[in-house]
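**Student:** Okay, handing you the structure first.
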Amino acid sequence: MNVRKPLPPLRQAPLTAADWQACLALDRASVGGLWSPSQWDTELADLRRPGVGLWRGANLVAMACGWLVLDELHITLVAVTPGQRGQGLGARVLEALLEIARGQGAQHATLEVAPGNSAAVALYRRCGFRDAGLRRGYYRNGDDALIQWLRLSPVKDA
């Protein structure tokens with residue numbers, strides 16, 4: 001009889017400098033290595049660059065990162081382990097990142113995405129992002145980047 005062990009529950013937590021190796025591994029597995037180890041070190045050490053991770057046990061399975069510049073959150077990365085895609089994990093970390101940004105005074109959020117990345121474009125549109133423009137030849141491979149924008153509502157008082 002083939003009995004599957006239940007998966008450990010998901011744990012959401014802010015990303016910290018101690019998480020750089022897990023971030024690097026997920027970065028490489030999901031998007032082919034956007035940042036180097038030193039770039040991850042810088043990213044995770046800066047308080048104006050919030051990040052949120054979803055962990056299953058000791059494994060980072062999803063993350064979202066951004067840069068806060070004045071009243072704007074510029075989303076730099078949303079990544080999900082390839083074997084865990086299609087389960088809403090990207091939306092979960094993205095929404096958590098947006099909530100952190102709201103709490104730090106962000107009024108809107110922006111991001112760039114390859115128009116051919118239909119899963120990512122659909123995720124961002126489901127989360128309320130709207131197309132704002134196109135950067136021609138933005139990516140290293142010459143692909144264009146679809147610029148998307150979202151107005152963030154203020155944090156509700158408890």
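Coordinate-derived values only; no laboratory data. Quantities reported herein were computed from a predicted structural model and do not represent experimental measurements. Neighbour counts are summed over all protein chains in view; Cβ atoms, including those assigned to glycine, are modelled from backbone coordinates with ideal geometry.
**Student:** In what order do 75, 100 fall by count of nearby beta-carbon atoms within 10 Å, going from fewest to most?
**Tutor:** 100, 75
**Student:** Which percent, nearest 5, of DSSP beta bridges in the chain are antiparallel?
**Tutor:** Roughly 90 percent of the beta bridges in the chain run antiparallel, per DSSP.
**Student:** Moving on to the next point. Which value in deg cm²/dmol, rounded to the nearest 500, describes the helix-derived mean residue ellipticity at 222 nm for the chain, given -39,500 (n - 2.57) per DSSP H run of n ≥ 4 and division by the residue count?
**Tutor:** Calculated mean residue ellipticity at 222 nm is -8500 deg cm²/dmol.
**Student:** If you don't mind, there's one more thing I want to ask. Please identify every one of the trypsin sites (Lys or Arg not before Pro) in the range 12-67 that sits in a loop by DSSP and has no more than 12 other beta carbons within 10 Å of its own beta carbon.
**Tutor:** 48
**Student:** Specify which labelled value, from [x] 17.9; [y] 16.3; [z] 16.8, agrees with Kirkwood radius over Cα pairs in Å derived from the coordinates of the model shown.
**Tutor:** Label of the calculated value: [y].
**Student:** Further question on the same structure: Which loop trypsin sites (Lys or Arg not before Pro) in the range 65-141, with loop taken from DSSP, have no more than 12 other Cβ atoms within 10 angstrom of their Cβ?
**Tutor:** Hits after loop and neighbour filter: 136, 140.
**Student:** Another question, if that's okay. Evaluate the relative contact order of the range 1-59 (contact order divided by residue number), counting alpha-carbon pairs under 8 angstrom at least 6 apart; express in whole percent.
**Tutor:** Dividing the mean separation by the residue count of the range 1-59 yields 52 percent.
**Student:** Quick one: compute the contact order of the chain, relative version, from alpha carbon pairs under 8 angstrom and 6+ residues apart, as a percent.
**Tutor:** 17 percent.
**Student:** With no solvent and one equal point scatterer placed on each C-alpha of the range 82-148, evaluate the Debye formula and give log10 I(q)/I(0) for q = 0.22, 0.27, 0.28 Å⁻¹, two decimals.
**Tutor:** Summing over Cα pairs of the range 82-148 leads to -1.01, -1.18, -1.20.
**Student:** State the Cα centre-to-centre distance between the range 1-57 and the range 74-139 in whole Å.
**Tutor:** 16
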